[in-house]
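Asker: Take a look at the following structure, please.
The values are calculated or read from the model by the stated rules, or taken from the named source; none is laboratory data. Note that this is a predicted model, so its numbers are computed, not measured. Every residue, glycine as well, gets a Cβ built from its backbone with ideal geometry; the counts of neighbours run over all protein chains shown. Keep in mind that these areas ignore ligands, DNA and RNA; they rest on the heavy atoms of the full protein, side chains included. Shrake-Rupley method; radii C 1.70, N 1.55, O 1.52, S 1.80 Å.
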Amino acid sequence: MNLRNRIVHAAMTTRRVFDQTPTDGMIRYYENRAAGGAAMVITEPLNTARIQTRGHYVRVWNDDHLDWLKRWAEAVESKDCRLLGQIQDSGRGRHERGRNPNAIGVSALPDDLSWTVPRELTRDELWLMIEDFAQSAARLQRCGFSGVELSAGHGHLFHQFMARRSNVRNDEFGGDLAGRMRFLTATIAAVRAACSGTFLVGLKMPGDDGMPDGVDPAQAAEMAALVTLDGSVDYVSFCQGAHARTLDWHIPDMHWPRSAWMPLIRRLRAHVHGTPVMALGLITDPAEADGIVARGESELVALGRSLLTDPAWPLKAAHGRESEIRYCVSCNTCWGQIVEGHPLACDNNPRVALADEVDWKPARLKRGRRVAVVGAGAAGLEAAWVAAARGHHVTLFGAGSEVGGSTRLHSRLPGGESLSSVYDFQFTQARRHGVHFELGVEASVQDLIAAKAQRVILATGAAMIWPRTAPTAWREYGVLLDARTAARALCGLHEPQGGTAVLFDMDHTEGTYALAEVMRRLFDRTLILTPRERIATDVPLVSSLGIYRRLTRLGIEIVPLSELSEESAFEEARLAYRNVHTGEVQLIENVAVAAYATPRAPRDALLGPLRTAGLPVQVIGDCKVPRTLLAATAEGHAAALSV
Ligand SMILES: Cc1cc2nc3c(=O)[nH]c(=O)nc-3n(C[C@H](O)[C@H](O)[C@H](O)COP(=O)(O)O)c2cc1C
């Protein structure tokens with residue numbers, strides 16, 4: 001089977017399936033990735049065995065949805081793109097709160113995250129499951145799919161069979177390596193037997209799950225060698241992490257190096273008997289992908305999040321338009337969205353799964369208006385470039401001398417560098433479409449009237465609120481800083497400062513912990529105080545695990561259930577805090593710097609005067625309700641389309 005290029009869309013759950021039934025939006029998501037130039041698309045996991053009843057996966061194990069499956073295949077395959085359905089089961093795994101009442105598993109041992117103890121599958125059930133997988137694969141083939149991928153990594157059921165940690169069976173599905181691999185090898189054989197001709201069977205294998213008695217690289221090499229020995233697998237990819245405290249390894253976020261899994265993949269490639277290898281894991285840039293292939297490190301390159309952010313990545317790369325790619329910033333908002341049951345969404349792609357998503361350009365108006373955008377953060381920039389691309393005459397006012405707002409500030413903190421792709425793209429597009437920039441200007445109503453604005457988009461962001469119980473003297477002396485001011489001040493320092501840094505955390509998002517890392521590098525001791533029982537509660541689990549790991553390794557102290565106290569003594573550099581339940585006060589001595597990351601209040605002072613002056617105004621992003629980058633880009637985009 002020939003592929004038109006080497007780019008593959010990696011499996012991602014879209015949460016665009018309802019009641020085990022596809023939707024138009026789900027099909028469009030995949031169709032767009034095919035139209036954008038990927039040569040092969042792997043679907044999200046499907047319900048391919050009768051035991052699988054997850055509502056947000058498409059039922060494939062009977063004939064209920066044959067028409068949908070045919071439409072799905074036609075939508076993708078007609079664009080010279082091969083469609084592979086994913087076979088996967090999460091077994092005992094669960095990352096939501098609570099236990100999984102329907103968990104089935106290899107052995108009655110607890111899931112490492114939820115501590116769900118599954119019901120052990122019987123031998124008959126396993127053989128039936130294998131037969132169901134095979135029949136589902138055959139059904140997919142009849143409907144026009146080109147193949148299946150078995151997702152055997154990520155700590156899911158196949159992986160649970162492979163790892164001693166989760167498999168203590170003493171039947172043919174347990175024991176030695178061949179026994180623990182049997183569920184996988186028998187499935188491959190059954191699929192091969194049920195499907196004909198060139199039907200592809202791809203395999204995603206664990207490469208290193210980081211858990212005791214799990215699958216380490218040495219075991220992974222043996223397993224890869226065994227499963228590829230008879231040539232029945234068409235390609236193999238390797239991933240990291242397990243359904244455990246290493247869950248974050250499986251979707252490496254912005255703290256990981258680019259092409260994060262390549263050292264592992266290079267090592268394991270030697271053991272696959274020449275089976276084509278699919279590179280995977282935080283590959284975001286065409287140059288990186290090209291390099292991997294050029295060096296002979298893989299035959300295929302899979303992109304998950306990169307193709308979510310920009311489905312036209314392959315087309316743009318092919319035509320030398322890399323600067324027009326909207327790049328994945330590895331923030332893992334996408335994963336956070338689906339885990340909370342929302343459709344797959346992206347901070348840097350406000351058009352996921354829309355009909356015109358691929359290489360989108362707005363229709364131009366016959367006559368544009370004069371539009372003023374106030375605020376040059378992600379929301380304002382998005383509004384400005386899209387409005388200008390539609391043909392409006394746009395002036396963008398920004399209080400600072402640079403664009404990017406708080407996203408730019410975050411990009412200067414540890415791990416934040418990739419975030420610059422959000423505003424870099426917006427800025428490039430804004431310039432391309434003729435946006436007029438007024439930077440370093442705190443725009444007033446008079447400025448907007450002078451600019452003859454017919455419409456105003458207000459995107460002036462939000463400011464952190466002074467913590468209610470904080471010592472007021474510290475405010476007067478300016479030594480308890482909001483986190484953004486502190487970040488600006490500390491980012492430029494490189495020499496050790498001595499003393500203790502304190503960060504009061506009522507924010508619980510990524511940037512706050514990046515600031516804590518900066519503090520730790522500069523000061524002898526760093527503490528994070530929070531009134532909640534733990535930190536990072538507003539960060540997806542795939543990133544909060546990494547946050548805890550980094551902070552723990554750096555020796556940053558986390559003090560839960562605490563709020564600042566008036567009993568602090570500024571002159572003695574002593575900061576007091578108290579337990580929110582008992583009121584017991586503790587003191588932190590020798591405080592060199594203290595900062596608060598708190599809920600933000602909209603910076604919307606212009607709104608009233610604008611309305612009084614009769615200027616039509618739309619409020620977007622944090623200035624409307626302080627939230628996330630996802631909301632900022634989405635609202636900036638929508639405002640520009642309606643202005
Ligand atoms: C939102 C999201 C959902 C995912 N769902 C699946 C899944 O259902 N099955 C699977 O094998 N991998 C899944 N993955 C993992 C990806 O296939 C891929 O291995 C991982 O994201 C690393 O590739 P990337 O850096 O190109 O995104 C998911 C990843 C993300 C971000």
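Asker: Out of Gly380, Gly398, Gly434, Gly415, report the one residue that is in contact with a strand residue (DSSP E or B) (Cβ under 8 Å, 6 or more places away or on another chain), touching a residue at least 60 places away in the same chain (Cβ under 8 Å) and not aliphatic (A, V, I, L, M).
Answerer: On the way: Gly398 fails: touching a residue at least 60 places away in the same chain (Cβ under 8 Å); Gly434 fails: touching a residue at least 60 places away in the same chain (Cβ under 8 Å); Gly415 fails: in contact with a strand residue (DSSP E or B) (Cβ under 8 Å, 6 or more places away or on another chain).
One residue alone meets the criteria, Gly380.
Asker: State whether the residues of region 442-457 include one that is of a type in the set (Lys, Arg) and out of contact with any helix residue (DSSP H, G or I) (no Cβ under 8 Å at 6 or more places or on another chain). Before you say what the answer is, go through the steps one by one.
Answerer: As a first pass, look at region 442-457 and keep what is of a type in the set (Lys, Arg): 452, 455.
So of that shortlist, the ones also out of contact with any helix residue (DSSP H, G or I) (no Cβ under 8 Å at 6 or more places or on another chain) come out as 452, 455.
The answer is yes; a qualifying residue exists.
Asker: When only residues in region 332-362 that are open to solvent by less than 40 Å² (accessible area, probe 1.4 Å), among the aliphatic types (A, V, I, L, M) and not in a helix (DSSP H, G or I) count, which is nearest to the ligand (Cβ to nearest atom)?
Answerer: Leu344
Asker: While we're looking at this one, here's another question. Quick check on this structure: which one of Pro22, Pro45 is open to solvent by less than 40 Å² (accessible area, probe 1.4 Å), within 16 Å of the ligand (Cβ to nearest atom) and farther than 26 Å from Leu184 by Cβ?
Answerer: Details: Pro45 fails: farther than 26 Å from Leu184 by Cβ.
One residue alone meets the criteria, Pro22.
Asker: Additional query: Could you say which residue among Gln586, Gln618 is polar (S, T, N, Q), farther than 30 Å from Pro252 by Cβ, touching a helix residue (DSSP H, G or I) at 6+ places or on another chain (Cβ under 6 Å) and modelled with pLDDT of 95 or more?
Answerer: Working: Gln586 fails: touching a helix residue (DSSP H, G or I) at 6+ places or on another chain (Cβ under 6 Å).
Every option except Gln618 fails the conditions.
Asker: Let me ask something else. Could you please find all residues in region 588-631 being surrounded by fewer than 14 Cβ atoms within 10 Å (Cβ to Cβ) and within 21 Å of Pro540 (Cβ to Cβ)?
Answerer: Scanning region 588-631 gives Pro599, Val625.
Asker: For region 52-70, indicate whether the set of residues that are open to solvent by 20 Å² or more (accessible area, probe 1.4 Å), within 26 Å of Met1 (Cα to Cα), at pLDDT 95 or above and touching a Gly at 6+ places or on another chain (Cβ under 9 Å) is non-empty.
Answerer: yes
Asker: For region 319-331, what are the residues that are within 8 Å of the ligand (Cβ to nearest atom) and surrounded by fewer than 24 Cβ atoms within 10 Å (Cβ to Cβ)?
Answerer: First, pick out the residues of region 319-331 that are within 8 Å of the ligand (Cβ to nearest atom): 328, 330.
Selection gives nothing.
Asker: Which ones in region 264-285 are within 15 Å of the ligand (Cβ to nearest atom) and open to solvent by 20 Å² or more (accessible area, probe 1.4 Å)?
Answerer: Asp285
Asker: Looking at this structure, is Asp216 without any contact (Cβ under 8 Å) to a residue 40 or more places away in the chain and open to solvent by 20 Å² or more (accessible area, probe 1.4 Å)? Steps first, answer last, please.
Answerer: Details: without any contact (Cβ under 8 Å) to a residue 40 or more places away in the chain: yes; open to solvent by 20 Å² or more (accessible area, probe 1.4 Å): yes.
Criteria met by Asp216.
Asker: Determine whether Leu615 is in contact (Cβ under 8 Å) with a residue 24 or more places away in the chain and in a loop (DSSP other than H, G, I, E, B).
Answerer: Values: in contact (Cβ under 8 Å) with a residue 24 or more places away in the chain: yes; in a loop (DSSP other than H, G, I, E, B): yes.
Judged against the criteria, Leu615 is a match.
Asker: Condition check: surrounded by fewer than 22 Cβ atoms within 10 Å (Cβ to Cβ), modelled with pLDDT of 95 or more and of a type outside the set (Val, Ile, Thr). Does Ala34 satisfy that?
Answerer: No.
Asker: Looking at region 85-95, which of the residues that are within 15 Å of Tyr57 (Cβ to Cβ) and in contact with a helix residue (DSSP H, G or I) (Cβ under 9 Å, 6 or more places away or on another chain) is most open to solvent (accessible area, probe 1.4 Å)?
Answerer: Per the stated criteria, the residue is Ser90.
Asker: Now, a different point. Quick check on region 143-181: of everything there that is of a type outside the set (Ser, Thr, Tyr) and in a strand (DSSP E or B), which residue is nearest to the ligand (Cβ to nearest atom)? Give the derivation first.
Answerer: Restricting attention to region 143-181, the residues satisfying the condition of being of a type outside the set (Ser, Thr, Tyr) are 143-145, 147-150, 152-165, 167-181.
Still in the running and in a strand (DSSP E or B): 147-150.
Working: Gly147: 15, Val148: 12, Glu149: 8, Leu150: 9 Å.
The qualifying residue nearest to the ligand (Cβ to nearest atom) is Glu149.
Yes/no matrix, rows are residues, columns are (1) more than 23 Å from Val358 (Cα to Cα); (2) away from the ligand (no atom under 15 Å from the Cβ); (3) touching a residue at least 60 places away in the same chain (Cβ under 8 Å):
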site	(1), (2), (3)
Ala244	yes, yes, yes
Asp248	yes, no, yes
Ser259	yes, no, no
Ala287	no, yes, no
Glu299	yes, yes, yes
Pro311	no, no, yes
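Asker: Select from region 115-142 the residues that are touching a residue at least 12 places away in the same chain (Cβ under 8 Å), part of a loop (DSSP other than H, G, I, E, B) and either touching a strand residue (DSSP E or B) at 6+ places or on another chain (Cβ under 7 Å) or open to solvent by 10 Å² or more (accessible area, probe 1.4 Å) (or both) and list them in ascending order.
Answerer: Hits for region 115-142 are Trp115, Val117, Pro118, Leu121.
Asker: Which of the residues belonging to region 161-176 are in contact with an Asp or Glu (Cβ under 6 Å, 6 or more places away or on another chain) and open to solvent by less than 40 Å² (accessible area, probe 1.4 Å)? It would help to see each step written out before you state the result.
Answerer: Initial filter on region 161-176 (in contact with an Asp or Glu (Cβ under 6 Å, 6 or more places away or on another chain)): 164-165.
Scanning region 161-176 gives no hits.
Asker: Determine which member of the set Ala462, Ala483 is touching a Leu at 6+ places or on another chain (Cβ under 7 Å) and open to solvent by less than 30 Å² (accessible area, probe 1.4 Å). Break it down into steps so the answer makes sense when it comes.
Answerer: Values: Ala462 fails: touching a Leu at 6+ places or on another chain (Cβ under 7 Å).
The unique qualifying residue is Ala483.
Asker: Still on this structure, I have one more. For Arg16, which of the numbered conditions (1) open to solvent by less than 10 Å² (accessible area, probe 1.4 Å); (2) part of a loop (DSSP other than H, G, I, E, B) fails to hold?
Answerer: (1)
Asker: Let me ask something else about it. Go through (1) in contact (Cβ under 8 Å) with a residue 24 or more places away in the chain; (2) of a type outside the set (A, V, I, L, M); (3) part of a helix (DSSP H, G or I); (4) within 11 Å of the ligand (Cβ to nearest atom) one by one and return the number of the condition Lys316 breaks.
Answerer: (4)
Asker: May I pose another question? Looking at region 186-204 only, could you name the residues that are away from the ligand (no atom under 16 Å from the Cβ) and either under 27 Å from the mean Cα position of the chain (by Cα) or surrounded by fewer than 17 Cβ atoms within 10 Å (Cβ to Cβ) (or both)?
Answerer: Ala189, Arg192, Ala193, Ser196, Gly197, Thr198
Asker: Taking only region 386-402 into account, find how many residues are outside any strand (DSSP E or B), surrounded by fewer than 24 Cβ atoms within 10 Å (Cβ to Cβ) and not basic (Lys, Arg).
Answerer: Taking region 386-402 first, the residues outside any strand (DSSP E or B) are 386-392, 399-402.
Okay, now just the ones that are also surrounded by fewer than 24 Cβ atoms within 10 Å (Cβ to Cβ), so 389-391, 399-402.
Narrowing further to those that are not basic (Lys, Arg): 389, 391, 399-402.
So the count comes out to 6.
Asker: Another question about this same structure. Identify, by number, the condition in (1) at pLDDT 95 or above; (2) more than 21 Å from Ala302 (Cα to Cα); (3) within 16 Å of the ligand (Cβ to nearest atom) that Gly93 doesn't meet.
Answerer: In the conditions (1) at pLDDT 95 or above; (2) more than 21 Å from Ala302 (Cα to Cα); (3) within 16 Å of the ligand (Cβ to nearest atom), Gly93 misses (1) alone.
Asker: Still on this structure: If I ask for residues that are assigned to a strand (DSSP E or B) and either open to solvent by 40 Å² or more (accessible area, probe 1.4 Å) or in contact with a His (Cβ under 8 Å, 6 or more places away or on another chain) (or both), which ones from region 510-544 would you list? First the steps, then the outcome.
Answerer: The initial filter retains those residues of region 510-544 that are assigned to a strand (DSSP E or B), namely 525-529.
Result: Arg525, single match.
Asker: Given Glu438, Glu495, which one is in a loop (DSSP other than H, G, I, E, B), open to solvent by 40 Å² or more (accessible area, probe 1.4 Å) and farther than 16 Å from Glu382 by Cβ? Write out each step before concluding.
Answerer: Values: Glu438 fails: in a loop (DSSP other than H, G, I, E, B).
Of the residues listed, the single one that is in a loop (DSSP other than H, G, I, E, B), open to solvent by 40 Å² or more (accessible area, probe 1.4 Å) and farther than 16 Å from Glu382 by Cβ is Glu495.
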